[in-house]
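First up is the structure itself, then whatever we jot down about it.
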Amino acid sequence: MSAYEHSSSPVRHTPALRSPRITVAGILRRAVQRWQRSRAVAALQQLDDRLLEDIGVTRNDIPRIVEGLFGDAAQESPAAVTLSVGPRVQEA
């Protein structure tokens with residue numbers, strides 16, 4: 001038989017003391033993110049159609065743009081998220 005099977009001291013899994021704090025921190029972080037997203041959507045929705053057209057955004061694009069700014073990719077690397085709206089110009 002192996003030493004693992006005859007171990008005299010069983011391994012006990014005790015929950016980390018910080019896990020409730022991590023949970024509360026996660027809840028607060030998600031709440032702040034929802035608040036920031038809703039403020040961003042509201043700010044863009046308040047712009048008139050002409051101004052949205054000037055910056056190359058349609059009203060239908062607003063949720064996608066906001067999600068791109070605040071999505072998971074933005075948390076990992078803020079520089080990796082680019083605001084790409086409007087027609088793309090290909091270089092020759």
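Every residue, every condition in (1) of a type in the set (D, E); (2) part of a helix (DSSP H, G or I), yes or no:
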| residue | (1), (2) |
| --- | --- |
| R30 | no, yes |
| Q33 | no, yes |
| R37 | no, yes |
| V41 | no, yes |
| G56 | no, no |
| D61 | yes, yes |
| E67 | yes, yes |
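List pairs: first in the range 12-40 and under 30 Å from P63 (Cα atoms) and at pLDDT 90 or above, second in a helix (DSSP H, G or I) and of a type in the set (D, E), Cβ under 9 Å, 6+ apart or cross-chain?
R37/E67
Aromatic (F, W, Y), surrounded by fewer than 11 Cβ atoms within 10 Å (Cβ to Cβ) and modelled with pLDDT under 95 - does that describe any residue in the range 57-70?
No, the conditions are met nowhere in the range 57-70.
The values are calculated or read from the model by the stated rules, or taken from the named source; none is laboratory data. Every value quoted in this text rests on a predicted model; they were computed, and no experiment measured them. Methodologically, a virtual Cβ is constructed for each residue, glycine included, from the backbone with ideal geometry; neighbour enumeration extends over all protein chains shown.
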